[in-house]
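A short worksheet on the structure shown next.
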Amino acid sequence: MPVPAKEPLIPLHGGYRKLKSFQVAQLVYDVTVRFCDRYIEKRSRTHDQMVQAARSGVQNIAEGSQASGTSKKTELKLTNVARASLEELRLDYEDFLRQRGLEMWPPNHPALVRFKARRCKTLEEVRAWVEDERQRARTATDKQGRTKSVNVGERPCESVPHSEQLVANAALSLLNLCCYFLDRQLAAQAAAFEREGGFTERLYRVRRERRG
């Protein structure tokens, strides 16, 4: 019979760069820095808070993953801090749209459907989507299938959206996805903590195994 593998004192940990939550949070951070520099007064408190909330999401996912080797409790705590920071950032984007009279789109909005289909991984890909959407809104198709240029507000269904409206809605879409990933992470981490305990319990099991 094969000899069962011994439980390591410090399990594999880190590897946060492979986490979907980290990858999306990092893109949210890049988008937010660009967004705030362009559309939020740089000396305002809101500018600093939004950038710091986005950064906190990224940093705490990474730190929690790295700390998981010796403290599942710390991993759980830091992942929850990341989730709370991104929730705060989500509210900031919603406030931005509401206070400027810009529409916050539902998940099934055609522009957001196209955005999600692209699966953007970089800031440049998000910027390319913004330009494509603005160009799309500048043209309309007649009954014969021919395209014609229209001015802002003249399209029957929608006017050409502001760039800040597009970016804010894209950021909200990314935040919704990232928060979904983090909720799943938190549930998995909580279950693992209940099942296996923390470092003290692991130390006890390893010592008992060695003595045996």
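The values are calculated or read from the model by the stated rules, or taken from the named source; none is laboratory data. Quantities reported herein were computed from a predicted structural model and do not represent experimental measurements. Neighbour counts are summed over all protein chains in view; Cβ atoms, including those assigned to glycine, are modelled from backbone coordinates with ideal geometry.
Give the number of residues within segment 45-71 that are hydroxyl-bearing (Ser, Thr, Tyr), assigned to a helix (DSSP H, G or I) and farther than 24 Å from LEU172 by Cβ.
Qualifying residue count for the region: 1.
Would you confirm whether or not segment 99-106 contains a residue that is at pLDDT 95 or above, under 30 Å from SER65 (Cα atoms) and hydrophobic (A, V, I, L, M, F, W, C)?
No, there is no match, as no residue in segment 99-106 is at pLDDT 95 or above, under 30 Å from SER65 (Cα atoms) and hydrophobic (A, V, I, L, M, F, W, C).
Hey, does segment 103-116 have a residue that's surrounded by 12 or more Cβ atoms within 10 Å (Cβ to Cβ), assigned to a loop (DSSP other than H, G, I, E, B) and β-branched (Val, Ile, Thr)?
No, because not a single residue in segment 103-116 is surrounded by 12 or more Cβ atoms within 10 Å (Cβ to Cβ), assigned to a loop (DSSP other than H, G, I, E, B) and β-branched (Val, Ile, Thr).
Would a scan of segment 159-167 turn up a residue that is surrounded by fewer than 17 Cβ atoms within 10 Å (Cβ to Cβ), more than 18 Å from the chain's Cα centre (by Cα), over 23 Å from VAL24 (Cβ atoms) and at pLDDT below 70?
Checking segment 159-167: at least one residue is surrounded by fewer than 17 Cβ atoms within 10 Å (Cβ to Cβ), more than 18 Å from the chain's Cα centre (by Cα), over 23 Å from VAL24 (Cβ atoms) and at pLDDT below 70.
With the structure loaded, tell me whether ARG100 is closer than 22 Å to VAL130 by Cα and touching a helix residue (DSSP H, G or I) at 6+ places or on another chain (Cβ under 7 Å) or whether it fails that test. Steps first, answer last, please.
On the way: closer than 22 Å to VAL130 by Cα: yes; touching a helix residue (DSSP H, G or I) at 6+ places or on another chain (Cβ under 7 Å): no.
When the stated conditions are applied, ARG100 does not pass them.
Let me spell it out: the conditions are (1) buried (at least 18 other Cβ atoms within 10 Å of the Cβ); (2) closer than 16 Å to VAL167 by Cβ; (3) among the small types (Gly, Ala, Ser), and ALA128 meets all of them except one. Which number is the exception?
Evaluating ALA128 over (1) buried (at least 18 other Cβ atoms within 10 Å of the Cβ); (2) closer than 16 Å to VAL167 by Cβ; (3) among the small types (Gly, Ala, Ser) leaves (1) as the failure.
Determine, yes or no, whether GLN52 is more than 18 Å from the chain's Cα centre (by Cα) and either aromatic (Phe, Trp, Tyr) or within 19 Å of LEU182 (Cα to Cα) (or both).
Answer is no for this residue.
Yes or no, residue by residue, for (1) surrounded by fewer than 17 Cβ atoms within 10 Å (Cβ to Cβ); (2) closer than 23 Å to HIS162 by Cβ:
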{"position": "CYS36", "(1), (2)": "no, yes"}
{"position": "VAL58", "(1), (2)": "no, no"}
{"position": "GLY64", "(1), (2)": "no, no"}
{"position": "ALA84", "(1), (2)": "yes, no"}
{"position": "ARG90", "(1), (2)": "no, yes"}
{"position": "GLU94", "(1), (2)": "yes, yes"}
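List pairs: first in segment 31-57 and farther than 18 Å from SER85 by Cα and at pLDDT 95 or above, second crowded, with 21+ Cβ neighbours inside 10 Å and not β-branched (Val, Ile, Thr), Cβ under 7 Å, 6+ apart or cross-chain?
ILE40/MET50
Write out, first by first residue and then by second, each pair whose Cβ atoms fall under 7 Å of each other, whose residues are 6+ apart or on separate chains, and whose first residue, in segment 173-199, is modelled with pLDDT under 95 while the second is among the charged types (D, E, K, R) and surrounded by fewer than 18 Cβ atoms within 10 Å (Cβ to Cβ).
What qualifies is PHE193/LYS73; GLY198/LYS73.
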